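Novice: Next up is a structure, given as structure tokens.
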Amino acid sequence: MQPTKVYADRRSQPSRAVIIFCRVNQIEFEEVTVDLFKSQHLSPQFRKINPMGQVPAIVDGRFKLFERKVIHEQPRTETCNTFDLILAKNHAILRYLASVFPGVADHWYPADLFTRAKIESILDWHHSNLRRGAATLVMHTALAPFLGLRTSPEAVKQAEKLLMQSLGTIESVWLNGGAKFLLGSPQPSIADLSLVCEIMQLEILGDDVRDRFLGAHEKILIWMDNVKRATSPHFEEAHELLFQVKARMLSNNAAAANQASEPSTKHKIASKL
Ligand SMILES: N[C@@H](CCC(=O)N[C@@H](CS)C(=O)NCC(=O)O)C(=O)O
């Protein structure tokens, strides 16, 4: 049987969460890079895997299961056939992997329905709060020029507010009382992994901006460190590309700032005269 295929771009936070999860749990998989900066997610070939044109997505031939009825209508492709399970959406993928691979420890997605319901509530909250704040901020301040998108100062302002509020909510609701992981668990769940990967994205905004958001949230910093330790060395390995992007952006910004502070050619000539 073919290993599960994971379509991902490591610059994408949900992609990293899936990759780290597979590595930590020794799930055999083949990583297929879908380069967002080269618009590979919009290619007809990838749209056959995920019609929404987003990463991550997986193709798994383990079961003859289908996420949606319409999947029967999907054409055969080189990479999958109509009997493969094709899943998009990071949380659906993490839930699936945690449920079908017997080697995955229970704490990632507990069988206990009471605990699981609490994890679901965090995952649902994440999309319309933390992710909306962090991803919108990163998109409008760091990525837009690379992706040819227009930025909006109003969107940045709202995203900053939502991000700050979300960080406060995590601390006051789920990390209350010195909890090591969300919900006071002694070990991480898929919610810990997903949310921490989201917050890691702030790195590419530079240390000052990251510290402006995280500096005042000591509980968040400790919790992030706990998640890193629990998933090391895979956490660091999956984030290597993010730190490379960060270094490149910082050096580009520094070069642009230098250029702006240098007297213009006209001015140089004038001063020589
Ligand atoms: N809700 C989805 C969102 C996936 C998502 O937003 N992926 C981004 C990268 S982080 C993407 O593929 N963006 C390209 C696009 O939307 O055009 C998930 O959590 O998996």
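Novice: So, in segment 142-160, of the ones that are over 21 Å from the mean Cα position of the chain (by Cα) and part of a helix (DSSP H, G or I), which residue ends up surrounded by the most Cβ atoms within 10 Å (Cβ to Cβ)? Walk me through how you get there before you give the answer.
Specialist: Residues of segment 142-160 that are over 21 Å from the mean Cα position of the chain (by Cα), as a first pass: 150, 152-154, 157.
Going one step further and asking which of them are part of a helix (DSSP H, G or I), we end up with 153-154, 157.
Numbers: Pro153: 9, Glu154: 9, Lys157: 12.
Per the stated criteria, the residue is Lys157.
Novice: Filtering segment 90-118 down to residues that are closer than 21 Å to Ile170 by Cβ and charged (D, E, K, R), which residue is surrounded by the fewest Cβ atoms within 10 Å (Cβ to Cβ)?
Specialist: Residue satisfying both the conditions and the ranking: Arg116.
Novice: Counting just the residues of segment 29-40 that are at pLDDT 95 or above and more than 9 Å from the ligand (Cβ to nearest atom), which one comes out farthest from Leu193 (Cα to Cα)?
Specialist: Here is the first cut: in segment 29-40, the ones at pLDDT 95 or above are 29-35, 40.
Imposing the further condition that a residue be more than 9 Å from the ligand (Cβ to nearest atom) reduces the set to 29-33, 35, 40.
Details: Phe29: 18, Glu30: 20, Glu31: 19, Val32: 21, Thr33: 21, Asp35: 22, Gln40: 26 Å.
Ranking the qualifying residues of segment 29-40, first place goes to Gln40.
Novice: Further, regarding this structure: Restricting attention to segment 1-28, and to residues there that are more than 15 Å from the ligand (Cβ to nearest atom) and among the polar types (S, T, N, Q), which single residue is surrounded by the most Cβ atoms within 10 Å (Cβ to Cβ)?
Specialist: Looking at residues that are more than 15 Å from the ligand (Cβ to nearest atom) and among the polar types (S, T, N, Q), I get Thr4.
Novice: Filter segment 41-56 down to residues that are near the ligand (Cβ under 8 Å from one of its atoms) and not polar (S, T, N, Q) and give me whichever is nearest to Leu94 (Cα to Cα).
Specialist: Pro56
Novice: So which residues in segment 161-182 are among the aromatic types (Phe, Trp, Tyr) and part of a loop (DSSP other than H, G, I, E, B)? Let's see the steps before the verdict.
Specialist: Step one: filter segment 161-182 for residues among the aromatic types (Phe, Trp, Tyr), giving 174, 181.
Phe181 - this is the single residue of segment 161-182 that is among the aromatic types (Phe, Trp, Tyr) and part of a loop (DSSP other than H, G, I, E, B).
Novice: Related question: Which residue pairs have Cβ atoms under 9 Å apart, sit 6 or more places apart or on different chains, and have a first residue in segment 182-199 that is without any contact (Cβ under 8 Å) to a residue 24 or more places away in the chain and a second that is within 16 Å of the ligand (Cβ to nearest atom) and part of a loop (DSSP other than H, G, I, E, B)?
Specialist: Cβ pairs passing all conditions: none.
Novice: Moving to a separate point now. Scanning segment 13-36 for residues that are touching a His at 6+ places or on another chain (Cβ under 9 Å) and free of Cβ contacts under 8 Å to residues at least 60 places away in the same chain, which turns out farthest from Ala57 (Cα to Cα)?
Specialist: That would be Asp35.
Novice: Next question, about the same structure. Could you check segment 118-151 and list, in sequence order, the residues that are closer than 27 Å to Ala247 by Cβ, of a type in the set (S, T, N, Q) and in contact (Cβ under 8 Å) with a residue 12 or more places away in the chain?
Specialist: Thr136, Thr141
Novice: So Gly103 ticks every box in (1) in contact with a His (Cβ under 9 Å, 6 or more places away or on another chain); (2) closer than 26 Å to Ala230 by Cα; (3) not in a helix (DSSP H, G or I) but one. Which box is left unticked?
Specialist: Evaluating Gly103 over (1) in contact with a His (Cβ under 9 Å, 6 or more places away or on another chain); (2) closer than 26 Å to Ala230 by Cα; (3) not in a helix (DSSP H, G or I) leaves (1) as the failure.
Novice: On to the next question. Anything in segment 119-141 that is more than 10 Å from the ligand (Cβ to nearest atom), under 15 Å from Met249 (Cβ atoms) and surrounded by fewer than 20 Cβ atoms within 10 Å (Cβ to Cβ)? List them, or say none. Don't jump to the end; show me each part of the working.
Specialist: First pass over segment 119-141, keeping only residues more than 10 Å from the ligand (Cβ to nearest atom): 119-122, 124-125, 128-130, 132-134, 136-137, 140-141.
So of that shortlist, the ones also under 15 Å from Met249 (Cβ atoms) come out as 137, 140-141.
If the condition is that a residue be more than 10 Å from the ligand (Cβ to nearest atom), under 15 Å from Met249 (Cβ atoms) and surrounded by fewer than 20 Cβ atoms within 10 Å (Cβ to Cβ), then Thr141 is the only one that fits.
The values are calculated or read from the model by the stated rules, or taken from the named source; none is laboratory data. Predicted, not measured: the structure shown is a model, and the values here were computed from it. Note: ideal-geometry Cβ built from the backbone for every residue, glycine included; neighbour counts use all protein chains shown.
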